[in-house]
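Below you'll find the structure, written out as structure tokens, and then a few comments.
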Amino acid sequence: MDLAEVAARDALNAAVDTCSRSGLVDAWRRLVQDVYASNLDRYEPDELGDTVMSFGIQCYENLKTRAVRRFRHDDLEIPETHWDIDGLRVWTPRNVLTFNLGGARVVTMKVPFIEGRSPNWQRSADWEQYSQIRLAIATENSRVLQYRTPPVGASPMFPHPGSPGAVRNYMLLWAGEPDVVLTAGWLGVPTLGDTPFVAQTSLWWDDDPDIRVAQKTTPDRGPSFNERPVAKPQVSLKDQHQEGQA
């Protein structure tokens, strides 16, 4: 294994250990389950014209908004879901959900809907089609590691030229099954090259649907919008006969 691959794998293992011991992995899992359950429940491609693109955008926006709420202990999230993790920072530079913990920076990415919980790790590493921050993270990792991923099935032609530096940038990838609330998450080290990641590892894998995600996960403020009775218009008509006598 190339020295850069070893360095990336070692850094990834250390980052996963930090995130697991702090409780952040569990926090990620609960948030993803809640967001995925609510969006899968209201996904209606036939009746409403929903698409996998609109589904992905909705999931991303919900994940971003609710992560910040839970971090800030917002009243819109029930207290049991609030995050109390020492040293954690959650923010959204350039509208990209970003976590900082223990010197590691983690951005998020949803696995394409059609791949379910089986990501195609060998897809083309065209980070330019994604956000500028994701491209910048992959570029920075390649610079620090002095490395680009080779074509699938190939090995570097020459030994690593130097001493790889310390990786600080990671990506949280998450996914769900298309017909049931079963989710999974991975942490990866994105880089430039023929494939998108030099290293990745599993964070969680749901074996059974979590009944908790079917419960209301926001404070009870009365019936939801679609549960409220239709308002009856208050219309009063003038008596034309009386109006004419005025």
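Here is a list: 167, 189, 180. Which entry is modelled with pLDDT of 90 or more, open to solvent by less than 80 Å² (accessible area, probe 1.4 Å) and not in a loop (DSSP other than H, G, I, E, B)? Write out each step before concluding.
Details: 167 fails: not in a loop (DSSP other than H, G, I, E, B); 180 fails: not in a loop (DSSP other than H, G, I, E, B).
Residue meeting the stated conditions: 189.
Report the residue count in the range 63-79 for those that are surrounded by fewer than 17 Cβ atoms within 10 Å (Cβ to Cβ) and not hydrophobic (A, V, I, L, M, F, W, C).
6
In the range 90-120, which residues are open to solvent by 10 Å² or more (accessible area, probe 1.4 Å), of a type in the set (S, T, N, Q) and farther than 18 Å from residue 184 by Cβ?
Answer for the range 90-120, where residues must be open to solvent by 10 Å² or more (accessible area, probe 1.4 Å), of a type in the set (S, T, N, Q) and farther than 18 Å from residue 184 by Cβ: 92, 95, 100.
Go through 60, 36 for me and flag whichever is open to solvent by less than 50 Å² (accessible area, probe 1.4 Å), touching a residue at least 40 places away in the same chain (Cβ under 8 Å) and within 11 Å of the chain's Cα centre (by Cα). Write out each step before concluding.
Details: 60 fails: open to solvent by less than 50 Å² (accessible area, probe 1.4 Å).
When all the criteria are applied, what remains is 36.
Under the condition of being assigned to a loop (DSSP other than H, G, I, E, B) and under 13 Å from residue 63 (Cα atoms), which residue from the range 80-98 is nearest to the chain's Cα centre (by Cα)? Show your work before the answer.
Taking the range 80-98 as the starting set, the residues that turn out to be assigned to a loop (DSSP other than H, G, I, E, B) are 82-88, 92, 96-97.
Cutting the leftovers down to under 13 Å from residue 63 (Cα atoms) gives us 92, 96-97.
Working: 92: 12, 96: 10, 97: 8 Å.
Across the range 80-98, the extreme among qualifying residues is 97.
Do you know which residues across the range 104-129 are aromatic (Phe, Trp, Tyr), in contact with a helix residue (DSSP H, G or I) (Cβ under 9 Å, 6 or more places away or on another chain) and outside any helix (DSSP H, G or I)?
Going through the range 104-129, the residues aromatic (Phe, Trp, Tyr) turn out to be 113, 121, 127.
Then keep just the ones that are in contact with a helix residue (DSSP H, G or I) (Cβ under 9 Å, 6 or more places away or on another chain); that gives 113, 127.
The answer is none; no residue qualifies.
Given the structure, is residue 82 open to solvent by 50 Å² or more (accessible area, probe 1.4 Å) and not small (Gly, Ala, Ser)? Explain how you work it out, then say what you get.
Numbers: open to solvent by 50 Å² or more (accessible area, probe 1.4 Å): no; not small (Gly, Ala, Ser): yes.
Answer is no for this residue.
Given the conditions (1) outside any helix (DSSP H, G or I); (2) under 22 Å from residue 208 (Cβ atoms); (3) of a type in the set (Phe, Trp, Tyr), and given that residue 36 satisfies all but one, which numbered condition is not satisfied?
(1)
The values are calculated or read from the model by the stated rules, or taken from the named source; none is laboratory data. As the structure is a computational prediction, the values presented were derived from the model and not from experiment. All Cβ positions, glycine included, derive from the backbone under ideal geometry; neighbour counts span all protein chains shown. For the accessible areas, the whole protein counts, side chains as well, though only heavy atoms, and no ligand, DNA or RNA atoms are used. Shrake-Rupley method; radii C 1.70, N 1.55, O 1.52, S 1.80 Å.
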